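Below is one structure, written out as structure tokens; comments come after it.
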Amino acid sequence: MTHNILNQLMVKLEKSIMKEDFIDVTYDIVEEIEEREDAFEAIQPIFKLMEEYQNVNFGRPGPLVHFVEKFYKNGYEEKLVESLKRQPTQHTVWMLNRVINGSQGDRKAYFINVLDSIIAFPNLDDEIVSLASHFKSLHE
């Protein structure tokens, strides 16, 4: 039953995505999610939302990024990479660069390799490839 409530929050988030007050609604929904014991389970649906609605302004970084980054070094990076392998977006590529900036050694090299895979991703929007290439150049 608790998982159902999380699903309802994600549906509410998606329904508000094209509305003018989307960011305000997002803050409210994130606050509700953060109070839940299963909050981590919201990360994948949030990334799927970003994949589906690539042209939506989620903020810079915005409430969703602030929420998922609370799980930094606790599973967030793996969920981000899974999302990037499914469908890179400008927002998730930008998030990857934030992860790279906070990484060192083999871990940093791994995330830079993820950037390489984004650059080679088939039929990807030129702006996303350009952004990934730009971030890659910052780490060479």
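Every number here is computed from the coordinates shown, using simple stated rules; none is lab data. Owing to the predicted nature of the structure, the values given are computational and were not obtained by experimental measurement. Reconstructed Cβ throughout: ideal geometry from the backbone, glycine too, with neighbour counts over all protein chains shown.
Can you put 32, 52, 20 in order, fewest other beta carbons within 10 Å first?
Listing 32, 52, 20 from fewest to most nearby Cβ atoms yields 20, 52, 32.
If the limit is 30 Å between Cα atoms, which of 15/70; 19/108; 12/85 go over it?
19/108
Once phi is turned into θ = phi - 60°, what whole-Hz ³J(HN,Hα) does the Karplus curve with 6.51, -1.76 and 1.60 give for every residue of segment 69-77, x standing for Gly and Pro?
6, 5, 9, 4, 6, 9, x, 4, 4
Quote to one decimal, in nm, the extra length available between residue 134 and residue 79 on full extension: 0.36 nm per residue of separation minus the C-alpha distance between them.
17.5 nm
With +1 assigned to the C-beta of every Lys and Arg and -1 to the C-beta of every Asp and Glu, and no other charges, what is the dipole magnitude of the chain about the Cα centre in debye, to the nearest 20?
In debye, rounded to 20, the chain gives about 380.
Could you tell me the center-to-center distance, by alpha carbons, between segment 1-63 and segment 65-140 in angstrom?
A separation of 20 Å, based on Cα centres.
Which of rounded, prolate or oblate describes segment 40-138 when judged by the alpha-carbon gyration tensor and an a/c cut-off of 1.5?
Here segment 40-138 falls in the oblate category.
Projecting each Cα onto the charge dipole of segment 40-138 (Lys/Arg +1, Asp/Glu -1 at the beta carbon, about the Cα centre), which of 123, 133, 43 comes out farthest on the positive side?
43
If I fit a long axis through the Cα atoms of helix 90-101 and take the longest principal axis of the Cα atoms of the chain, what angle between them do I get, 0 to 90°, rounded to 10?
Value to nearest ten degrees: 70.
Below 12 angstrom from the Cβ of residue 5, what's the summed charge of the other residues (Lys, Arg +1; Asp, Glu -1)?
So the environment of residue 5 carries a net charge of -3.
Taking the Cβ of each residue in 127, 41 as the centre, tally the other Cβ atoms inside 10 Å and list the residues starting with the fewest.
Ordered by Cβ neighbours within 10 Å, fewest first: 127, 41.
Using the Cα centre of the chain as origin and beta-carbon charges of +1 (Lys, Arg) and -1 (Asp, Glu), tell me which of 103, 71, 91 is placed farthest towards the positive end of the dipole.
So the residue furthest toward the plus end is 103.
Assuming R0 = 35 Å, can you tell me the calculated FRET efficiency for the pair residue 49 and residue 116, based on Cβ-Cβ distance, to the nearest 0.05?
Numbers: r = 26 Å, r/R0 = 0.73.
The value I calculate is 0.85.
Going by how many other Cβ atoms sit within 10 Å of their own, how do 93, 56 line up, fewest first?
56, 93
In degrees, nearest 10, range 0 to 90: what is the angle between the Cα axis of helix 105-119 and the longest Cα principal axis of the chain?
Its long axis makes an angle of about 90 degrees.
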